[in-house]
Amino acid sequence: VHLDYELSALLAAFRNEHLITSYLGPLRPGKEAHIHCCRRPDGGYAILKHYTPVSLRGFRSDAIYDMGTSFVQTRERRAIRDASNHGLQIKLKLWTANEYRNAQRLRALGLPVPEPLGHIGPAILMRMIGGPDRPAQQLREAALSAAEAQRLLPRLQADILTMLQQDLIHGDLSAYNVLWHRERHWLIDVPQMVNATVNSAAHELFIRDCVSLLGHLRRCGATIDPLGWATDTWERWASGKILRADAAIADGY
Ligand SMILES: Nc1ncnc2c1ncn2[C@@H]1O[C@H](COP(=O)(O)OP(=O)(O)OP(=O)(O)O)[C@@H](O)[C@H]1O
Ligand SMILES: [Mg+2]
């Protein structure tokens, strides 16, 4: 297999940190990042998600998403603004660091997110759901029955509420960014997660997330009014009525 220089360097770095033992190959062409499969020292599998400058073409506008740039230095901020190659590199690293930190935060809340294992430069390593012979499906590929969709509905609503209770909005929630494996769901692709209290587009993003994901379940046959639920939930959050107890409506697995 021909590997580009940066990927080879990243694989060597993750190997040095004893996070992977070998490279198994690309999993699928992601729209924004390159997704690769690796073996872990314990014999399990890891996903290496590699952002390249090409990824930036697909990046969502910084005006909509928080880039978490408040901690970068002035010189770096200037570099990001002037879109120099140096700026691009910083942006990719920030985006990757955001994804790692967000995944850790969501897992700490008990949400079903693949365990983040490490991040180096423009790449994040996480536990693979499924294996190379049977990778997890995207929810949109899963052909859920109406009964399955109905069972999944309160679990996804609970996840959305758990995040909102902490003022968090995924920001790119859809049947592409939820995986389905052995009757369980996993939330992925979290670099753009936003804070509802500081992001001016938070309301719009929240409604879009809910309509996109819950709309998919509705099309599978679940009984839900996605826009109505989203609007009502947002109003309850905005008036301080989203309590931790609300997030416990799912029975858990
Ligand atoms: N931890 C994982 N376990 C198994 N498969 C994964 C994992 N992470 C990502 N994938 C696979 O790679 C795909 C792309 O991942 P992700 O959504 O994080 O990247 P992306 O660049 O945003 O891609 P896209 O823009 O196409 O959504 C997922 O839909 C899934 O099929
Ligand atoms: Mg995605």
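Points to keep in mind about this one:
- Gyration tensor verdict on region 103-168 (Cα atoms; rounded if a/c is under 1.5, prolate if a/b is larger than b/c, oblate otherwise): oblate
- Rel. contact order, % - alpha carbon contacts under 8 angstrom, at least six apart, region 113-199: 29 percent
- Residues whose placed amide H lies under 5 Å from that of GLY118, excluding near-sequence neighbours: LEU125
- Shape of region 172-235, Cα gyration tensor, a/c cut at 1.5: oblate
- Against the compact-protein benchmark of 2.2 N^0.38 Å, the Cα-based radius of gyration of region 129-209 scales to 1.18.
- Gyration tensor (alpha-carbon) shape descriptor, region 114-253, a/c threshold 1.5: oblate
- Working note: Karplus 6.51/-1.76/1.60 with θ = phi - 60° gives region 130-140 the couplings x, x, x, 7, 8, x, 3, 8, 6, 3, 5 Hz, where Gly and Pro are set to x.
- Across region 220-234, computed HN-Hα scalar couplings (Karplus, 6.51 cos²θ - 1.76 cosθ + 1.60, θ = phi - 60°) run 7, x, 6, 8, 6, 9, x, 5, x, 5, 4, 5, 5, 5, 4 Hz from first to last residue, x flagging Gly and Pro.
- Cβ crowding within 10 Å averaged over residues, with 121-128, 233-240, 144-151 ranked highest first: 121-128, 144-151, 233-240
- Distant-in-sequence amide H partners of LEU27 (H built 1.01 Å from N, under 5 Å): ILE35, HIS36, CYS37
The numbers here are math on the coordinates, done by the rules we state, and not lab data. Fair warning: this is a prediction, and the values are worked out from it, not measured in the lab. In this analysis, Cβ positions are derived from the backbone assuming ideal geometry, glycine residues included, and neighbour counts consider all displayed protein chains.
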